[in-house]
Amino acid sequence: MTSAYLKIDHVEKTFQRGAASTNVLKDVSLVIDKGEYVSIIGHSGCGKSTLLNIVAGLTPVSAGAVLLEGKEVNAPGPERAVVFQNHSLLPWLSVYDNVALAVNKVFGGVKSKAERHDWIMHNLDLVQMGHARDKRPGEISGGMKQRVGIARGLAMEPKILLLDEPFGALDALTRAHLQDSIMQIHATLGNTMIMITHDVDEAVLLSDRIVMMTNGPSARIGEVLDVRLERPRKRLDLVSDRTYIAAREAVLKFLYERHRFVEAA
Amino acid sequence: MNAPIDHGRDGMGQPALKDAGTGTKVVALPAAAAAVVVLPQATGKPLREKLAPLAKSVLVTVLPPLVTVGLILLFWQIAASGPQSSLPPPSKIWEEAKDLITEPFYWAGSQDIGLGWRILVSLQRVAIGFSLAAVVGVLLGALVGQSVWAMRGLDPVFQVLRTVPPLAWLPLSLAAFRDSQPSAIFVIFITAIWPVIINTAVGIRNIPQDYRNVAQVLRLNQVEFFFKIMVPSAAPYIFTGLRIGVGLSWLAIVAAEMLTGGVGIGFFIWDAWNSSRLSDIIVALVYIGVVGFVLDRLVAFIGAIVTRGTAAQ
């Protein structure tokens, strides 16, 4: 796999607020292959969410470019689906209708009504939420909401699925469940995924590569770590795995020795 | 309530109690007896028991206002019974305007009709004027809420215009429409529209960035965004505006009808005043109050149904 599927090419981002300008990202370059699972990790405020928003097209770049299959990305679109940190489900729609909104928009002209229905149910079943299709987001738990958010993202059949701290707001047990689900989905569908996280274990468990960002302002990519762990990965087996421990240590050392978070958080 | 059930199960219940203290049997039998008691309790609950809390809650909400009304009527009766009293007491109103109270829908000629009919005529005007205000108000509010330049250009104008009292528009609209019916409707429209515009705009400005991001990722176009994100998301605000608007409409219609004439509850009051039928006026006031209350609750009720999901985030 030598051809660049997604190319983040010398991206810079400066936010202008009146006279004051903040340089958030400086010269960020990254190449991601098809089917790869890449995590971006860094302390809060280092601009990792900004980077994800740039790839999503929600934030315009100040300099540089993002290329998907050789084409420049400069607006949001369903081929780069986002799973938002706070699920962002529309509370007035049922679980089914939330996914249907995406499916009908993306496949409205391509698939028949019955096909779309099957596709919606297929994706809900994929995240084990088929049973709650008629519930509204207010009636289900945080973990379930995030599952539906993932189903909505997957249902768009994106080239890249962008996950913005998808499990950040969940308790540890729910998070572990969802991580397993994501691993399974990644194994089945072979999606390309980029995930923002600040959880070291999560990053090592899920990723093929971990991109470590330095502290902002003017954050850069500090290091990229290859996680050479066989898939399927099992949480329990990894606890004592030497590669896992080494990878974990490398990330921790990067975050807490060389790029300690200076400001009081 | 449990007593008859226990009697029916005596054959099972009694031995269990007698054995209580002898050994292994004890553990099983009381448990079985307990299970037996629970089941009939759920199904055999008499209707009276179920209705009791309902009746109590009705009583608690209905009784206090009834007592208040009773006290007011009593006080009024005493205060207005003197020979020099300028206003009629409730007893005299009942004597003089009994037909208006008991027969709201009688019809005895074009000007001698029940108050119910007059209310309906007024309601029709409000319905037309208010519907127009709702549609135009939501659209203008969406524009002001969505576009910074529309807000900068329109908001100051709205803020000035909304302080103009409803009746101040009447001469102008009479001059423009040269007819009382559209003028009255215009006054309703111009009265009800401001709270709808302002609340809609606030609601749309408050649409969370998350929903906008979702819309962007899905590439929803303007029309889809309006119907699928904007309106449902701003619905609680829109309904607040509509509720204030319908209240103001009802305030304005009575005043407008007093001046424009024709059929309608407002003109009825003016007519009654000109022929010194004070009792009729007081009955009409009660009608207006009750209808205004119902209108308010109706819009609130529709709002509660429509915004069921939005509020429960």
Go through the residues of the range A:94-116 one by one and say whether even a single one is more than 12 Å from every other protein chain (Cβ to nearest Cβ), under 19 Å from residue A:160 (Cα atoms), without any contact (Cβ under 8 Å) to a residue 40 or more places away in the chain and surrounded by fewer than 18 Cβ atoms within 10 Å (Cβ to Cβ).
no
Would you check which residues across the range B:158-204 are of a type in the set (Gly, Ala, Ser), away from chain A (no Cβ under 14 Å) and under 27 Å from the mean Cα position of the chain (by Cα) and list them?
B:183, B:184, B:192, B:201
The residue from A:126, A:89 that alone is within 19 Å of the chain's Cα centre (by Cα), surrounded by 17 or more Cβ atoms within 10 Å (Cβ to Cβ) and within 13 Å of chain B (Cβ to nearest Cβ) is A:89
So, in the range A:129-144, how many residues would count as being within 14 Å of another protein chain (Cβ to nearest Cβ) and either part of a helix (DSSP H, G or I) or on the phi > 0 side of the Ramachandran plot (or both)?
4
Just checking: which of the helices (runs of 4 or more DSSP H) contained wholly in the range A:145-249 hold 3 or more residues that are under 30 Å from residue A:100 (Cβ atoms) and at pLDDT 90 or above?
A:172-189
So, of the residues in the range B:65-113 that are of a type in the set (Gly, Ala, Ser) and under 20 Å from residue B:267 (Cα atoms), which turns out to be modelled with the lowest pLDDT?
B:110
Between a first residue in the range B:202-214 that is within 20 Å of residue A:99 (Cα to Cα) and a second residue that is among the β-branched types (Val, Ile, Thr) and part of a helix (DSSP H, G or I), which pairs have beta carbons less than 6 Å apart while being 6 or more apart in sequence or on different chains?
B:211/B:229
For the range A:63-82, what are the residues that are outside any loop (DSSP other than H, G, I, E, B) and at the interface with chain B (Cβ under 10 Å from one of its Cβ atoms)?
A:80, A:81, A:82
Options B:226, B:239: the member that is surrounded by fewer than 19 Cβ atoms within 10 Å (Cβ to Cβ) and in contact (Cβ under 8 Å) with a residue 60 or more places away in the chain:
B:226
With the condition kept exactly as written, say whether any residue in the range A:230-240 is surrounded by fewer than 17 Cβ atoms within 10 Å (Cβ to Cβ) and touching a Lys or Arg at 6+ places or on another chain (Cβ under 8 Å).
no
Within the range A:49-62, is there a residue that is of a type outside the set (D, E, K, R), within 17 Å of residue B:228 (Cβ to Cβ), touching a Ser or Thr at 6+ places or on another chain (Cβ under 8 Å) and within 14 Å of chain B (Cβ to nearest Cβ)?
no
Can you tell me which residue is farthest from the other protein chains (Cβ to nearest Cβ) among those in the range B:205-243 that are within 19 Å of residue B:307 (Cα to Cα) and of a type in the set (Gly, Ala, Ser)?
B:241
Can you pull out the residues in the range A:93-109 that are assigned to a loop (DSSP other than H, G, I, E, B) and either modelled with pLDDT under 90 or among the small types (Gly, Ala, Ser) (or both)?
A:94, A:108, A:109
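The values are calculated or read from the model by the stated rules, or taken from the named source; none is laboratory data. Nothing here was measured: the structure is a model prediction, and the numbers come from that model. Here Cβ is always computed from backbone atoms with ideal geometry, including for glycine, and neighbour counts include all displayed protein chains.
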